[in-house]
Amino acid sequence: MDLGIAGKRAAVAAASSGLGLASAKALAADGVTVAICGRDHARLDAAAAEIGGDCVPIVADVSDAAGGTAFVSAASEALGGVDILVTNAGGPPAGNFAATDVDAYPAALGLNLLSVVAMCKAAAPPMQERGWGRVVAITSLSVRQPIANLILSNTARAGVTGFLKTMARELAGTGVTVNSVQPGLHGTPRIVELYGDEPPGPVGDPGDFGAVVAFLCSEQAGFITGAAIPVDGGSYTALL
């Protein structure tokens, strides 16, 4: 299916591996020119080569608001503007309530909440001026169903979901959509880091996840906004 986004320009955060890389590859396959970021120059260049399509690698750290703003600014300068923003970042350290100090929360909120707010603040106003834009945030299934021993991630990603829903309602009708995609377990380095060779459930293909992100950026998805879509192979068990 032609998604109608060939020639658009996308900034995909934390895309040197994992779900960010899969999302960037899916967008590039549909003719989008993509800028990606990561902290490791060599890994970033390798990812850009894998993505192809004139992908622009930008060394940037989106673990806080300043880094998020800097990435979007650099991507906009390199591409001549940003039509599509895919927010993404690594997860904070594992831990439960008893073992996690209060002092650990600000960094987690910076990584998975404030960096997203900053990227949206930098990217969305120009999209509104042009009358077209797509924001897709990669969050986590933990927003719907908190994951044991990931209290920092559970907390920060729930907060960013509230922000995105509010933003979506405010931008509705402007041509800019705002959605999030909630991964369950996918074959990424993060899952290996957390669970080793014994993940607690079915493991998905990152490429299939990237295809969902690309669809939400499409012309056909222009009336989908404020959605938080689980892509989890049936791991979420509640009815609502």
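Each value in this text was obtained by applying a stated rule to the coordinates, not by laboratory testing. Remember, it's a predicted structure, so these values are computed and weren't measured experimentally. In this analysis, Cβ positions are derived from the backbone assuming ideal geometry, glycine residues included, and neighbour counts consider all displayed protein chains.
Structure above, values below:
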| quantity | calculated |
| --- | --- |
| Residue-wise HN-Hα coupling along segment 52-62, computed from phi with Karplus coefficients 6.51, -1.76, 1.60 (Hz; x: Gly, Pro) | x, x, 6, 4, 9, x, 10, 6, 7, 10, 9 |
| For Thr100, residues with placed amide H under 5 Å, excluding near neighbours | none |
| Simple spin-label estimate for Ala228 and Val102 in nanometres, 7 Å along Cα-Cβ | 2.6 |
| Acute angle (nearest 10 degrees) that the helix 115-130 long axis makes with the longest principal axis of the chain, alpha-carbon atoms | 20 |
| Crossing angle, helix 41-51 versus the chain [Cα axis fit, 0-90 degrees, rounded to tens] | 60 |
| Extended-chain gain in nm, criterion 0.36 nm per residue less alpha-carbon gap, Gln145 and Arg130 | 1.7 nm |
| For Cα extents along the principal axes in Å, calculated from these coordinates, the label among (i) 66, 44, 34; (ii) 45, 34, 31; (iii) 48, 40, 36 | (iii) |
| Amide hydrogen neighbours beyond the local backbone of Gly133, cut-off 5 Å, H modeled | Val176, Thr177 |
| Whole-angstrom gap from segment 103-170 to segment 186-230, using each part's C-alpha centre | 16 |
| Segment Val59-Val192, length gained on full extension (0.36 nm per residue, minus Cα span) | 45.4 nm |
| Placed amide H near Val231: partners under 5 Å, 5+ positions off or other chain | Gln182, Gly184 |
| The chain, dipole about Cα centre (Lys/Arg Cβ +1, Asp/Glu Cβ -1), debye to the nearest 20 | 560 |
| Farthest positive-ward along the chain dipole, Cα basis, beta-carbon charges - from Asn88, His41, Thr174 | Thr174 |
| Computed helical MRE - 222 nm, the chain, DSSP H runs ≥ 4 contributing -39500 (n - 2.57), nearest 500 | -12500 deg cm²/dmol |
| For a label point 7 Å along the Cα-to-beta-carbon line of Thr237, residues of segment 140-163 with backbone N under 18 Å | 141-150 |
| Mean separation of Cα contacts under 8 Å (6+ apart) over length of segment 9-229, as relative contact order % | 22 |
| Sites Ala49 and Ala6, calculated FRET efficiency, Cβ-Cβ separation with R0 35 Å, nearest 0.05 | 0.95 |
| Degrees separating the helix 206-216 axis from the principal Cα axis of the chain, which is the longest one | 50 |
